[in-house]
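To start, the structure itself, in structure tokens.
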Amino acid sequence: MTSDAALLRASRTEAAPFRELYERYAERVYGFHLRRTRDEHVALDLTAETFAQAWLARGRFRDEAGGSAGPWLFGIARNLLAQSVRRRAVELSACERLGVLTRLDRGPAAAEPADGWLDDGPGDLLDGLPDGQRDAVELRVVEELDYAEVAARLGTTPAAARVRVTRGLGQLRARLTNDDTEVVQ
């Protein structure tokens with residue numbers, strides 16, 4: 001049997017060896033994520049992302065485990081899981097500040113929402129924001145995109161996207177708390 005290290009070296013010039021590595025580890029990586037997230041869909045997403053990151057980093061693999069890529073793959077999986085937990089904490093915090101947490105905690109709707117389901121909700125709150133901030137908050141909080149994706153959609157840098165989201169959330173917080181202090185736009 002070919003070692004994991006040999007497969008990763010060979011995968012630099014062709015995809016088939018990486019597929020073999022995937023077949024060796026996919027179930028174990030999925031199990032790792034499933035045990036920690038307790039959500040099949042999230043575990044599948046994290047497993048796919050683990051192998052996508054491994055594919056991108058395959059040229060940097062250093063054989064430090066006697067030919068096994070297991071520790072390397074599970075290190076990637078662990079890092080992605082930690083990033084996911086941090087991202088979820090940021091999203092929950094933002095949703096709490098927006099006052100939409102109770103809506104997000106509900107189970108999925110059995111049918112399409114009726115017209116006006118956002119009346120007096122976050123949609124109306126977001127309408128009062130400047131366009132750039134509203135779009136940035138929607139992409140980051142509602143669509144759950146990371147800052148790089150928000151920036152790409154808005155045609156700006158991730159730092160500028162982060163500023164727009166922060167300012168937009170500040171505007172919303174001020175409105176929700178009836179804070180009359182001036183917020184930078």
Exercise. Given the conditions (1) closer than 25 Å to Thr2 by Cβ; (2) modelled with pLDDT of 90 or more; (3) open to solvent by 50 Å² or more (accessible area, probe 1.4 Å), and given that Leu34 satisfies all but one, which numbered condition is not satisfied?
Worked result: (1)
For this session: Quickly run through the stretch 168-185 and pick out the residues that are over 15 Å from Cys95 (Cα atoms) and either at pLDDT 70 or above or of a type outside the set (S, T, N, Q) (or both).
Result: Asp179, Asp180, Glu182, Val183, Val184
For this session: Could you identify the single residue in Ser68, Ser3, Ser84, Ser93 that is under 30 Å from Ala174 (Cα atoms), touching a Ser or Thr at 6+ places or on another chain (Cβ under 9 Å) and open to solvent by less than 50 Å² (accessible area, probe 1.4 Å)?
Result: Ser84
Exercise. With Glu91, Glu96 as the choices, which residue is of a type in the set (Asp, Glu), closer than 30 Å to Leu126 by Cβ, touching a residue at least 40 places away in the same chain (Cβ under 8 Å) and assigned to a helix (DSSP H, G or I)?
Worked result: Glu91
Exercise. Here is a list of conditions, (1) over 30 Å from Glu144 (Cα atoms); (2) open to solvent by 80 Å² or more (accessible area, probe 1.4 Å); (3) without any contact (Cβ under 8 Å) to a residue 40 or more places away in the chain, and Ala16 meets all of them except one; can you say which number that is?
Worked result: (2)
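The values are calculated or read from the model by the stated rules, or taken from the named source; none is laboratory data. All of these numbers come straight from a predicted model, not from anything done at the bench. Please note: Cβ atoms are built from the backbone with ideal geometry, for glycine as well, and neighbour counts cover all protein chains shown. Protein only, heavy atoms only, side chains kept; ligands, DNA and RNA dropped before computing areas. Shrake-Rupley method; radii C 1.70, N 1.55, O 1.52, S 1.80 Å.
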